[in-house]
Amino acid sequence: MTRVPSHRVLRGVPLLAFVLATLPGAGSGQTVEFRGRGDLRTDTMLKRVLGGDFRLFAVDTVIAAADTLEGVVLVAGATVKFENVIRGDLVLVDANVFLRPGARVAGTVTSVAAGFFRAPTAAVDGAITELKDAPYRAEIGAGGVTIRGTRAPALIDPDGFRGLLPPTHDRVNGPGLHGGIRLLLPRVGALEPEIRVRADYHAARERGGGGLELWLRSVSGLYARIGAERVAATRDAWLRSDFANTVSFLVLGEDLHDWHDAERFLAAFGASFPRPAGSLSFELRAQVENAASLPARDPWHAWGDDPSRPNPGIDDGRIASLELSGAASWSRPSFEAALLLSLERAVRSADADFAFTAFELGGDWAMQALADHSYRLTARYRGPVGGRNPLPRQRWSALGGRGTLPTLEDLQLRGDRMVFFSSVYSIPVRVVYLPALGFPAVELLHHFGSAWSVDPAAGTVSGQRDMVQNLGIRLRFRLASITAFIDPDRSGSFSLIVGVGRAPRFPWTPPGDR
């Protein structure tokens, strides 16, 4: 609990603002308390602020340009408009703050469950961190201000909607029901332990699954976890999310994932470092995986009379491996970028059946081009290191169909080596507006890639080692699109795709298209 001393309340504020600022809950002998539980890192930051010297605003007011504020400024549960200079940091909790033209914050801005609005000519010298969905609220009472963390009012913190996660549907598992909870254990100093429980049921296979993990997280961003799980695993999740794949199979009978059964035991150590305009994370994981092939079924779907395509078998057996992975992202007014990489080393220990080294490198780059145009490049590269030991088929990749090479059959190309690039140049068309659909955009697309395998002993290649190209043009509206693709190297190749869903939004996207 931190008391705001009366002599630290505003100096030189206009009379009306001064009266408002000294009403109950805004300083002058009032108290500020922190209660409840939110995010570990944010809890620690707020307690550090409340344990120091700061100026509090807890009622709506305007601070004039002549009133310079020194030190940390905390705005809780109020709407405050600053026209002045703040020589320190600005912290918002469950509030709205406007920096008017000419205003300046000489330090950082941290917005927690709040709205921060800056005029183009207002300046912030330090970093701006916005945690819009953070679980906090500010309660203003006659006795003072309470900042309350609302993440965990109880021991059990359910995932999704009251513990229920989105259902799934595919050609191997059929309808799937999923649920999860987290058991939030008492914090031990700067450490937060929790137990994560997940349960799955796959109707077509008439069996359940799930996982159990113990996590230990620290305020510095480091964490450790240990657990076990039994899941329907896929290497193709990057092609399409579970939700999009479920809708596609339910409506059209198109499943862009191949599946295998995986029983895993793992222990991992990692770190996550959120940044004002991006993130950085890494993890070192030791894992033993027992994998088995799964047959394709033919669950119900709305359209399409053909039976579901086969689900390729894998090399049943055990993999004991150590994997190092990392990811980073950047977000700026004129570009956004993401990078991921991983290196997995499997050894013949713990009764393992395979030895190999595999890598994955991927990235995404989006930038503002001419005027309000956008350019986006996506790349992914997978394969074995050295090539002497081919990868087991549960580590293979595949291309073909929507999202990669539409002129090919779904996942037609497969192997333990895969390379894929796609680029999209988007041109908004601002002269046409259709009700409900909004402004259209014309997009030029170029996809190319391949997947193949090499048998070092026989010196043979399976799959398509030569690159396959697809050229496309897309007419995209706010929630729908139509795309035509051709393969310039194959006469007669043509694919027409009608899609539903929002296009990627960037900082430079015109407001009318958001």
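The values are calculated or read from the model by the stated rules, or taken from the named source; none is laboratory data. All of these numbers come straight from a predicted model, not from anything done at the bench. As a convention, Cβ positions derive from the backbone with ideal geometry for all residues, glycine included, and neighbour counts pool all protein chains shown.
Hey, among ALA95, ALA114, which residue is surrounded by 22 or more Cβ atoms within 10 Å (Cβ to Cβ), under 23 Å from GLY278 (Cβ atoms) and among the small types (Gly, Ala, Ser)?
Numbers: ALA95 fails: under 23 Å from GLY278 (Cβ atoms).
The conditions single out ALA114.
Can you tell me which of (1) assigned to a strand (DSSP E or B); (2) under 22 Å from SER241 (Cβ atoms) is the one PRO312 doesn't meet?
With respect to (1) assigned to a strand (DSSP E or B); (2) under 22 Å from SER241 (Cβ atoms), PRO312 is out only on (1).
Can you tell me which residues in region 313-336 are charged (D, E, K, R) and out of contact with any Asp or Glu (no Cβ under 9 Å at 6 or more places or on another chain)? Break it down into steps so the answer makes sense when it comes.
Narrowing region 313-336 to residues charged (D, E, K, R): 315-316, 318, 323, 332, 336.
Within region 313-336, ARG332 is the sole residue that qualifies.
Given the options ARG414, ARG388, ARG345, name the one that is basic (Lys, Arg), at pLDDT 95 or above and either in a strand (DSSP E or B) or more than 30 Å from ARG332 (Cα to Cα) (or both). Before the answer, list the steps.
Details: ARG414 fails: at pLDDT 95 or above; ARG388 fails: at pLDDT 95 or above.
Of ARG414, ARG388, ARG345, the one residue that is basic (Lys, Arg), at pLDDT 95 or above and either in a strand (DSSP E or B) or more than 30 Å from ARG332 (Cα to Cα) (or both) is ARG345.
Say whether the condition of being under 30 Å from LEU411 (Cβ atoms) and acidic (Asp, Glu) is met by at least one residue in region 150-158. First the steps, then the outcome.
First, the residues of region 150-158 that are under 30 Å from LEU411 (Cβ atoms): none.
Looking through region 150-158, none of the residues is under 30 Å from LEU411 (Cβ atoms) and acidic (Asp, Glu).
Which numbered condition trips up ALA296, out of (1) modelled with pLDDT of 95 or more; (2) surrounded by 15 or more Cβ atoms within 10 Å (Cβ to Cβ)?
For ALA296, the failing item is (1).
Where in region 123-187 are there strands (runs of 3 or more DSSP E), lying wholly inside it, with at least 3 residues that are touching a residue at least 24 places away in the same chain (Cβ under 8 Å) and not β-branched (Val, Ile, Thr)? Walk me through how you get there before you give the answer.
Working: elements: 128-131, 136-141, 144-150, 156-158, 164-170, 174-184.
Here the list reads 136-141, 144-150, 164-170, 174-184.
Among the residues in region 403-412, are any within 30 Å of VAL288 (Cα to Cα), touching a strand residue (DSSP E or B) at 6+ places or on another chain (Cβ under 9 Å) and of a type outside the set (A, V, I, L, M)? Outline the logic, then answer.
Pass one, region 403-412, residues within 30 Å of VAL288 (Cα to Cα): 411-412.
Cutting the leftovers down to touching a strand residue (DSSP E or B) at 6+ places or on another chain (Cβ under 9 Å) gives us 411-412.
Among the residues that remain, those that are also of a type outside the set (A, V, I, L, M) are: 412.
Yes: region 403-412 contains one or more residues that are within 30 Å of VAL288 (Cα to Cα), touching a strand residue (DSSP E or B) at 6+ places or on another chain (Cβ under 9 Å) and of a type outside the set (A, V, I, L, M).
Go through the residues of region 489-504 one by one and say whether even a single one is more than 27 Å from LEU370 (Cα to Cα) and of a type in the set (Lys, Arg).
The answer is yes; a qualifying residue exists.
Under the condition of being closer than 16 Å to ARG37 by Cα and touching a strand residue (DSSP E or B) at 6+ places or on another chain (Cβ under 8 Å), which residue from region 188-215 is surrounded by the fewest Cβ atoms within 10 Å (Cβ to Cβ)? Break it down into steps so the answer makes sense when it comes.
Filtering region 188-215 down to residues closer than 16 Å to ARG37 by Cα leaves 188-194.
Retained after the next criterion (residues that are touching a strand residue (DSSP E or B) at 6+ places or on another chain (Cβ under 8 Å)): 190-194.
Details: ALA190: 12, LEU191: 15, GLU192: 22, PRO193: 15, GLU194: 18.
Among them, the one singled out is ALA190.
Can you report the number of residues in region 47-56 which are in contact with a Gly (Cβ under 8 Å, 6 or more places away or on another chain) and surrounded by 14 or more Cβ atoms within 10 Å (Cβ to Cβ)? If you could, list the steps in order and put the result at the bottom.
Here is the first cut: in region 47-56, the ones in contact with a Gly (Cβ under 8 Å, 6 or more places away or on another chain) are 53-56.
Still in the running and surrounded by 14 or more Cβ atoms within 10 Å (Cβ to Cβ): 54-56.
Matching residues across region 47-56 total 3.
Being closer than 30 Å to LEU252 by Cβ and not in a strand (DSSP E or B) narrows it down to one of ARG198, ARG205, so name that one. Give the derivation first.
Working: ARG198 fails: not in a strand (DSSP E or B).
Just a single option satisfies the conditions, and that option is ARG205.
For ARG207, are the conditions met, namely being modelled with pLDDT of 95 or more and among the basic types (Lys, Arg)?
Working: modelled with pLDDT of 95 or more: no; among the basic types (Lys, Arg): yes.
So ARG207 fails the test.
Can you report the number of residues in region 351-382 which are crowded, with 17+ Cβ neighbours inside 10 Å, within 18 Å of GLY403 (Cα to Cα) and touching an Asp or Glu at 6+ places or on another chain (Cβ under 9 Å)?
7
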